[in-house]
1. Can you tell which of 119, 65 is in contact (Cβ under 8 Å) with a residue 40 or more places away in the chain and over 17 Å from residue 42 (Cβ atoms)?
2. Would you check if residue 223 is closer than 30 Å to residue 33 by Cβ and modelled with pLDDT of 90 or more?
3. Would you mind listing the strands (runs of 3 or more DSSP E) fully within segment 171-264 where at least 3 residues are without any contact (Cβ under 8 Å) to a residue 40 or more places away in the chain and in contact with a strand residue (DSSP E or B) (Cβ under 9 Å, 6 or more places away or on another chain)?
4. What number of residues within segment 235-257 are closer than 18 Å to residue 180 by Cα and either surrounded by 13 or more Cβ atoms within 10 Å (Cβ to Cβ) or at pLDDT 90 or above (or both)?
5. How many residues, within segment 79-125, are touching a helix residue (DSSP H, G or I) at 6+ places or on another chain (Cβ under 7 Å) and assigned to a loop (DSSP other than H, G, I, E, B)?
6. Residues of segment 140-164 being within 22 Å of residue 228 (Cβ to Cβ) and without any contact (Cβ under 8 Å) to a residue 12 or more places away in the chain, which ones?
7. Scan segment 63-80 and give yes if some residue there is over 26 Å from the mean Cα position of the chain (by Cα), modelled with pLDDT of 95 or more and under 29 Å from residue 166 (Cβ atoms), otherwise no.
8. I'd like the full set of residues that are assigned to a helix (DSSP H, G or I), under 29 Å from residue 91 (Cα atoms) and more than 20 Å from the chain's Cα centre (by Cα), limited to segment 1-60.
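The values are calculated or read from the model by the stated rules, or taken from the named source; none is laboratory data. Values in this document were obtained by computation on a predicted structure and should not be read as measured data. When we count neighbours, we look across all protein chains shown, and the Cβ atoms used for this are built from the backbone with ideal geometry, even at glycine.
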């Protein structure tokens, strides 16, 4: 076997580490999903003070045989920047606290990212990525998702109430943060606009925020029929069902806040 030494060996080791980092990067996503499903952010928040591992095990009702595994999970989450760990005096034990990242995972946070994370990490969304290489040899299906599931992700989500609820909730919570930044700090971009269409507007959070800030503007929430059905609107907001891949209602301006790709 050839031995690699010196600078070339160091470069090769770094290259290998780069590949390994990408190979195991999924662990961060799955640990984040696990933390959300276990309710770790809310549990630490309701504890009201730095929380030891023993207290966390008890509050989450984790079996004692899994306590050391929860310790490993929390180490990964701390290393990934989702939580912080502090030393408790006088015994020096470590205790977990929230940071600005994990605060975005709290249930009562209007900008809670957890629903979007759970929808994007659902096996239904993840599994098609495993067929990406096969899809490149497939000239029939437009996307890997359609190759695996037999329909577009938009149609599938429309037939899966739980996933649909998570996705729409996630989009709405993201829109609260984005819309507040837009209307408060970038009002100038709306000067002279009397009509606006929010393409893929979901449950209308963005359009409603803009309409409230600019009463003279007619705002349209444009999304698939099952998304905009039964939405409550104000005087200068309307809902239009449709498919953005076929046509978009006319207006002075359109907004496409986030294009969640027809995955992959």
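1. Details: 65 fails: in contact (Cβ under 8 Å) with a residue 40 or more places away in the chain.
Of 119, 65, the one residue that is in contact (Cβ under 8 Å) with a residue 40 or more places away in the chain and over 17 Å from residue 42 (Cβ atoms) is 119.
2. Numbers: closer than 30 Å to residue 33 by Cβ: yes; modelled with pLDDT of 90 or more: yes.
It is true that residue 223 is closer than 30 Å to residue 33 by Cβ and modelled with pLDDT of 90 or more.
3. Details: elements: 195-199, 218-223, 237-241, 253-255.
So the answer is 218-223, 237-241.
4. Filtering segment 235-257 down to residues closer than 18 Å to residue 180 by Cα leaves 237, 254-257.
Pick out the ones that are also either surrounded by 13 or more Cβ atoms within 10 Å (Cβ to Cβ) or at pLDDT 90 or above (or both) and you get 237, 254-255, 257.
Matching residues across segment 235-257 total 4.
5. Counting residues in segment 79-125 that are touching a helix residue (DSSP H, G or I) at 6+ places or on another chain (Cβ under 7 Å) and assigned to a loop (DSSP other than H, G, I, E, B) gives 11.
6. Just the residues of segment 140-164 that are within 22 Å of residue 228 (Cβ to Cβ), to begin with: 151-164.
Selection gives 151, 155, 157, 159, 161, 162.
7. Applying the first criterion (over 26 Å from the mean Cα position of the chain (by Cα)) to segment 63-80 yields 63-68.
With the extra rule that they be modelled with pLDDT of 95 or more, the set shrinks to 63, 65-68.
Filter once more, keeping what is under 29 Å from residue 166 (Cβ atoms): 63, 66.
Within segment 63-80, one or more residues are over 26 Å from the mean Cα position of the chain (by Cα), modelled with pLDDT of 95 or more and under 29 Å from residue 166 (Cβ atoms).
8. Once the filter is applied, which keeps residues that are assigned to a helix (DSSP H, G or I), under 29 Å from residue 91 (Cα atoms) and more than 20 Å from the chain's Cα centre (by Cα), segment 1-60 yields 43, 44, 45, 46, 47, 53, 54, 55, 56, 57, 58, 59.
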